[in-house]
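Taking it in order: structure first as C-alpha cells, then the write-up.
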Amino acid sequence: HEIPTTDLRWSFGVSKRFSEIAALHGRISHIVERHGIKRPPKTWFRSTQQAFIQQRCVAIQRYLRAAYAIPEVFANPHAREFLGICDLSFRQRLGRKHKEGYLSRRSGGYKHLSNPTISGWKRRWVVLKDACIVFLESRDKAIPKEIIVVDADFRVNVVSRREIEVCDGTRKCTLHCGNYRNACEWLDALRDVYGEHPRVAATMQPPIQSFAPVRMQASAGWIVDAKPAYAAIARDIFFAKRSIFITGWWVWPDVELLRRRAIPGDSSSTGPDVSLRLLDLLWRKAFEG
C-alpha cells in the first residue's frame with residue numbers, strides 16, 4: 001500500500017505491506033485500543049480490483065491518521081520507524097525528506113589507502129538527503145557515524161539482488177537491503193533523489209567545473225553582480241526574526257546595501273534619496289530585539 005504522509009513543509013509517501021501494518025498495530029495496540037481505534041480487518045483472499053484496493057487504502061489511512069493523532073503513538077519509536085523519520089528528517093537546512101530506514105552496511109575501500117580494509121556488516125539507520133547519504137548508529141541518534149557525499153564522483157552500482165554499492169570521491173560503501181523487494185525500493189529512491197542516471201555528474205554537469213552538482217531545490221542561489229547581492233542581503237536582514245549570521249573574507253559595516261531605494265513595508269524609508277548601510281540595518285535589528 002502507498003500511504004501519503006504530510007508534514008507542515010513536505011509531503012512524502014511510505015510503501016508498506018499489510019503484514020507490516022499488522023506488526024505496527026501489535027506494538028501500539030495497548031495505546032490505540034484505549035481510544036477505541038481498531039485495525040482494519042485482514043482479508044483471506046486476494047483481489048486486484050481497483051475498487052477493492054482503493055477501499056482498503058482508505059481504511060488503512062483512516063486507521064493510521066487516527067492512531068498518529070495520539071501523542072503517545074507519535075512518540076513511540078516503533079511508530080516513528082514505521083514512517084521512516086528521525087531527528088534529521090525535517091532539518092530544513094539538510095534539504096527535503098527522502099527515504100530512510102535500517103540497512104546493513106559494509107564500508108571501506110578508501111581511495112587514498114594503498115591497502116584499504118573492508119569492515120564487517122553493521123546495522124545503520126540510513127538517511128537520504130539532497131547533498132549526502134547519512135549513516136546513523138540508530139534511529140534515535142542525531143550525530144552521523146559516516147557520510148557519503150554526493151560529489152562529482154558519486155555513483156550507484158547494483159552488486160546483487162540484495163546489495164547496492166554507493167561511492168563518492170574518497171570511499172565506497174555496500175548496502176545490504178535484506179530482500180529483493182527492499183533493494184528495489186532503495187534503488188528507486190536513490191535514482192529519484194540523485195538523478196535517473198546512477199552517476200550524477202553524467203546528467204548534471206556542475207557549473208564552471210565545480211566539484212558539486214547543481215541542487216535544484218536549495219535555498220541558495222547564484223548572485224554575480226553586487227547590486228542584486230546587496231539587495232538580497234538587505235532584504236534578508238530586514239525580515240530576519242530570530243538571528244542573523246554574517247560570514248565573509250572581509251566585512252565593512254559602512255557599505256551601502258541600498259542606494260536611493262526604499263525598503264518595502266517601511267514608511268520611514270520612503271523618499272527619492274534613501275541609502276542604507278549595513279551598520280544602520282544591524283543597529284535597527286538590534287534595537288528591535
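The values are calculated or read from the model by the stated rules, or taken from the named source; none is laboratory data. Computed from a predicted model, the values in this text were never measured in an experiment. Cβ coordinates were reconstructed from backbone atoms using ideal geometry, including for glycine residues, and neighbour counts include every protein chain displayed. These accessible areas exclude ligands, DNA and RNA; they are computed on the full protein's heavy atoms, side chains included. Shrake-Rupley method; radii C 1.70, N 1.55, O 1.52, S 1.80 Å.
Please give the contour-minus-distance gain from residue 143 to residue 66: 0.36 nm per residue of separation, less the Cα-Cα distance, rounded to one decimal in nm.
Gain on stretching residue 143 to residue 66: 24.5 nm.
Evaluate E = 1/(1 + (r/R0)^6) for residue 123 and residue 259, where r is the Cβ-Cβ distance and R0 equals 45 Å; express this FRET efficiency to the nearest 0.05.
0.15
Pull out the extension gain between residue 42 and residue 245, defined as 0.36 nm times the separation in residues minus the alpha carbon to alpha carbon distance; nm, one decimal.
This chain segment gains 67.6 nm when fully extended.
In nm, what is the difference between 0.36 nm times the number of residues separating residue 93 and residue 33 and their Cα-Cα distance?
Length gained, residue 93 through residue 33: 17.8 nm.
For the stretch 55-194, what is Rg from Cα atoms divided by 2.2 N^0.38 Å, rounded to two decimals? If you can, show how the numbers build up before the last one.
Values: Rg = 16.6 Å, N = 140, 2.2 N^0.38 = 14.4 Å.
So the Cα radius of gyration is 1.15 times the expected 2.2 N^0.38 Å.
In terms of solvent-accessible area of protein heavy atoms at a 1.4 angstrom probe, what is the ranking of 167, 132, highest value first?
Details: 167 0, 132 25 Å².
So, going from the largest accessible area down, we get 132, 167.
For an R0 of 41 angstrom, estimate the FRET efficiency from the Cβ-Cβ distance between residue 188 and residue 229 and round to the nearest 0.05.
0.55
Say a paramagnetic label sat at a point 7 Å from the Cα of residue 180, along Cα to Cβ; which residues of the stretch 142-164 have their backbone N under 12 Å from it?
Counting backbone N atoms under 12 Å from the label point, the list is 161-162.
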